[in-house]
Number of protein chains: 2
Amino acid sequence: MSDPERATLASVARQARVSRQTVSNVLNAPERVRPATRERVLAVIDRQDYRPHQAARQLRTRRSRVIGLRIEPVRDGVNGVVLDRFLHALTATAQDAGYRIMLFTAADDAAEVRAYDELISTLDTDAFVLTSTHHGDERTAWLRDHRVPFVTFGRPWGAENQHSWVDVDGAAGTRAAVEHLVALGHRRIAFVGWPRGSGVGDDRWAGWRDGLAAHSLPARGLDVQVLDGIEPGRRAAAQLLGGSTTATTPGARRAAGQPTGFVCASDSLALGVLAELQHRGLRPGTDAAVIGFDDTPASAVIGLSSVTQPIAEVAVACVLQLRPLLDSDPDSNPDRDPTDRARQLLLPPVLAVRTSSAAPPP
Amino acid sequence: MSDPERATLASVARQARVSRQTVSNVLNAPERVRPATRERVLAVIDRQDYRPHQAARQLRTRRSRVIGLRIEPVRDGVNGVVLDRFLHALTATAQDAGYRIMLFTAADDAAEVRAYDELISTLDTDAFVLTSTHHGDERTAWLRDHRVPFVTFGRPWGAENQHSWVDVDGAAGTRAAVEHLVALGHRRIAFVGWPRGSGVGDDRWAGWRDGLAAHSLPARGLDVQVLDGIEPGRRAAAQLLGGSTTATTPGARRAAGQPTGFVCASDSLALGVLAELQHRGLRPGTDAAVIGFDDTPASAVIGLSSVTQPIAEVAVACVLQLRPLLDSDPDSNPDRDPTDRARQLLLPPVLAVRTSSAAPPP
DNA sequence: GTCCTAGATTTGATCGATCAAATTACATAC
DNA sequence: GTATGTAATTTGATCGATCAAATCTAGGAC
């Protein structure tokens, strides 16, 4: 790490027989420099292996080329990997665009806002990517008020075009799941979801409802609301399948109005449903079809069909959405309404069909 | 983001009627400042909500208080979550120590070394955390040669005390697994592992071997080597259980010398073993016990016992190991042999017992 | 009262880039 | 040949901190 003599703008300028500013221009505004000079300077830059020092640049420009991202504790191990893949794709995309991802943690939203303030004033962090937005999010309000570029992975359920966001069309996902089951021959298709009120949950529920409606299939009594998790999913399945835990004939089950297909709001719930089926001696994929949501690794492992979020595409889109916000000079152009530059993008998920939804209903 | 007048050392100094340097000392070397002055300055700092500008500091000190971490693409979804938890713990610990985690990606080791060079010269990155080390790792050699502080999660299989590292004692984990099975009454305990040559794999294998030896149990013919993955694990189990795929009586299986316990080098392999058991009509946990390694979410989901790596502790230890390297001034103290400050730490894993290894052998 | 020393504080230079404004070079027009 | 305007390049100031050295203060020894 001991540099005998580190290459700087000045050292390059000296050897190339031009001024510092010209070297700077070669890198930041090449069109201003005559081609011949440019070549000469570039050659010296190469020879000296010169790399601009970010801190010096930042001191002047107040830009760090850093994007902040809060990493949350892994609550539910099952859903954790989505973040993992997202992080990698985001880092790669940002890197290609000349930005880096810096992580931070915060105990709650208020702490996160304090972290923004800190990161902006001490590190000149250029932008933020938020991952789990919710109703009346104080974070987005703060960022908007302070004119900080940001994009959210997830819609701001409510005020849709207040800021840039990227999201996955959950309704399209559950609807595709229904379509797939209908195509297989299923007629009684249940939905195991979360309590009303969460934007994400309601969205996925709506896709199921619309899917059934499109085929004039019944929805009544086929809709259970539970908290996320494997055990809740199991109880939901138990409720849908009725009291008797002993396996009966397909005919009897059909007569009792039991569902043959289960569309779930998460893989955790779907895993619970699978457990309950197994507990009753019903074979997933044969006696009943189950489809989860998020395509977590566990689902691939046990052959659970699942709605796959295009995580890498989301990450790419996030960086893309940030570009116009980052490029615009915040000072020279007052830009009264930051909403102007806000972009929204809704990506369709893809259904990964596995053994848990391979066969027609019994 | 438009600051009417941002607080700086100078603005604080002015209002506190002291010089810039004194304000700087209050923050960086409080003992040099008389208590009365210190109080006065701190009050002004508070009133102006002053926060030191990192870029300015960095320009002078050449220290960024940033730790770099390469994030690799998620190859195997099953093992991905370990990284996820590690990242969070690392970010939190580093943050408490006044450091931030910056992510980057690289296609291969050579590219990673190039990234180091870039990150050091442009961002003054203070240290790196490496996650998957291997035999003759060019990255650690480069970092050592360039006197860059770093710590690895994983032993440098071979030259053990060349640099700081933190690792989990895999042998202790598989040994604990064996002990657990022996305590349940198992006598024929197989090991499903990877081909010889990988440090991690051999280590886990050794724990199994030693565990059996401690109880004078046979190991012969109970050791299969396959690549990682569910399907290879399944084939390994098939091999260990013999040709016949039809379920036989416990007595017949015992007579045939079939194992009743399976210790695996990864959860993926364990999942394969589970699949093969199920395929043969054998109930995991009842007809045979299975134990995986890494405690990925999938294992909790399906009740697979698994050796749990204390990821959060590893992260805390990584930051702890870096401290002495970071605190030492690289220039003033030539520190001929960086090995001096290297610390090693081997953490014991914990066995998470679940239904797949709950019962005594049939 | 003077001298000395350690402690407290200040001064001026510096890190390496960009900005804004000034200067020079060069082609075209008259 | 001079004027004129644009393109190319240079100059000096500046961002906000720390470093190294200088200066000031206060207390004790003699």
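List the residue pairs whose Cβ atoms are under 7 Å apart, where the first residue sits in the range B:9-26 and is of a type in the set (A, V, I, L, M, F, W, C), the second is within 8 Å of DNA strand D (Cβ to nearest atom) and not in a helix (DSSP H, G or I), and the two are 6 or more positions apart or on different chains.
B:12/B:50
Let me confirm something: among A:96, A:84, which residue is within 21 Å of residue A:133 (Cβ to Cβ) and out of contact with any Phe, Trp or Tyr (no Cβ under 9 Å at 6 or more places or on another chain)?
Step by step, each of A:96, A:84 is checked, and only A:84 is within 21 Å of residue A:133 (Cβ to Cβ) and out of contact with any Phe, Trp or Tyr (no Cβ under 9 Å at 6 or more places or on another chain).
Does residue B:273 satisfy being at pLDDT below 90 and within 14 Å of chain A (Cβ to nearest Cβ)?
So residue B:273 fails the test.
Go through the residues of the range A:115-128 one by one and say whether even a single one is modelled with pLDDT of 95 or more, outside any helix (DSSP H, G or I), touching a Leu at 6+ places or on another chain (Cβ under 8 Å) and not hydrophobic (A, V, I, L, M, F, W, C).
The answer is yes; a qualifying residue exists.
Any residue that is in a helix (DSSP H, G or I) and away from DNA strand C (no atom under 12 Å from the Cβ) - is there at least one of those in the range A:64-72?
No, that holds for no residue.
Please go through the range A:208-236 and give me each residue that is over 13 Å from residue A:193 (Cβ atoms) and crowded, with 20+ Cβ neighbours inside 10 Å, ordered by number.
We begin by selecting, within the range A:208-236, every residue over 13 Å from residue A:193 (Cβ atoms); these are A:210-218, A:220-221, A:230-231, A:234-235.
Hits for the range A:208-236 are A:211, A:212, A:230, A:234.
Let's see how each residue does on (1) within 30 Å of residue A:325 (Cβ to Cβ); (2) touching an Asp or Glu at 6+ places or on another chain (Cβ under 9 Å); (3) not in a loop (DSSP other than H, G, I, E, B):
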site	(1), (2), (3)
A:151	yes, no, yes
A:155	yes, yes, no
A:159	yes, no, no
A:172	yes, no, yes
A:178	no, yes, yes
A:191	no, yes, yes
A:205	no, yes, yes
A:210	no, no, yes
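Tell me the residue from B:170, B:154 that is within 14 Å of the chain's Cα centre (by Cα), of a type outside the set (Val, Ile, Thr) and crowded, with 22+ Cβ neighbours inside 10 Å, please.
Numbers: B:154 fails: crowded, with 22+ Cβ neighbours inside 10 Å.
Selected residue: B:170, the only one of B:170, B:154 that is within 14 Å of the chain's Cα centre (by Cα), of a type outside the set (Val, Ile, Thr) and crowded, with 22+ Cβ neighbours inside 10 Å.
Determine the pairs where a residue that is under 16 Å from residue B:287 (Cβ atoms), located within the range B:226-242, has a partner that is charged (D, E, K, R) and not in a helix (DSSP H, G or I) with Cβ atoms under 8 Å apart, the partner being 6 or more residues away or on another chain.
B:241/B:280
Being more than 17 Å from residue A:167 (Cα to Cα) and in a loop (DSSP other than H, G, I, E, B) is the filter here; which residues of the range A:298-311 pass it?
A:303, A:304
In the range A:1-41, which residue that is of a type in the set (Lys, Arg) and farther than 30 Å from residue B:144 by Cα is farthest from DNA strand D (Cβ to nearest atom)? Lay out the reasoning, then the answer.
Just the residues of the range A:1-41 that are of a type in the set (Lys, Arg), to begin with: A:6, A:14, A:17, A:20, A:32, A:34, A:38, A:40.
Filter once more, so that each one left must be farther than 30 Å from residue B:144 by Cα: A:14, A:17, A:20, A:32, A:34, A:38, A:40.
Details: A:14: 11, A:17: 7, A:20: 5, A:32: 5, A:34: 4, A:38: 7, A:40: 9 Å.
Selected residue: A:14.
Go through the range B:298-313 and report how many residues are crowded, with 24+ Cβ neighbours inside 10 Å, within 14 Å of chain A (Cβ to nearest Cβ) and among the small types (Gly, Ala, Ser).
3
Here is a check on your reading of the model: is residue B:57 more than 30 Å from the chain's Cα centre (by Cα), of a type outside the set (S, T, N, Q), within 10 Å of DNA strand D (Cβ to nearest atom) and modelled with pLDDT of 95 or more?
yes
Here is a list of conditions, (1) in a helix (DSSP H, G or I); (2) within 12 Å of another protein chain (Cβ to nearest Cβ); (3) buried (at least 24 other Cβ atoms within 10 Å of the Cβ), and residue A:295 meets all of them except one; can you say which number that is?
(1)
List pairs: first residue in the range A:319-346 and at pLDDT 55 or above, second residue among the β-branched types (Val, Ile, Thr) and part of a helix (DSSP H, G or I) anywhere in the structure, Cβ distance under 6 angstrom, at least six positions apart or on different chains.
Note: pairs meeting the criteria are A:319/A:93.
Considering only residues that are at the interface with chain B (Cβ under 9 Å from one of its Cβ atoms) and in a helix (DSSP H, G or I), which ones fall in the range A:84-114?
Listed by number, the residues that qualify are A:84, A:85, A:87, A:88, A:89, A:90, A:91, A:92, A:94, A:95.
Filter the range B:1-58 for residues that are of a type in the set (Ser, Thr, Tyr) and within 12 Å of another protein chain (Cβ to nearest Cβ) and give the result.
Matches in the range B:1-58: B:2, B:8, B:50.
Yes/no per residue for (1) under 30 Å from residue A:316 (Cα atoms); (2) out of contact with any Leu (no Cβ under 9 Å at 6 or more places or on another chain):
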| position | (1), (2) |
| --- | --- |
| A:23 | no, no |
| A:32 | no, yes |
| A:35 | no, yes |
| A:48 | no, yes |
| A:55 | yes, no |
| A:62 | yes, yes |
| A:67 | yes, no |
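Show me the helices (runs of 4 or more DSSP H) found entirely inside the range A:7-49 where at least 1 residues are more than 12 Å from DNA strand C (Cβ to nearest atom). If you could, list the steps in order and put the result at the bottom.
Numbers: elements: A:9-16, A:20-28, A:35-48.
So the answer is A:9-16, A:35-48.
Please enumerate the residues belonging to the range B:259-292 that are part of a loop (DSSP other than H, G, I, E, B), hydrophobic (A, V, I, L, M, F, W, C) and under 21 Å from residue B:219 (Cα atoms).
The answer is B:265, and nothing else.
In the range B:67-101, which residues are surrounded by fewer than 19 Cβ atoms within 10 Å (Cβ to Cβ) and at pLDDT 95 or above?
Correct list: B:95, B:96, B:97, B:98.
The values are calculated or read from the model by the stated rules, or taken from the named source; none is laboratory data. Just so it is clear, the model here is predicted, and its values are computed rather than measured. In this analysis, Cβ positions are derived from the backbone assuming ideal geometry, glycine residues included, and neighbour counts consider all displayed protein chains.
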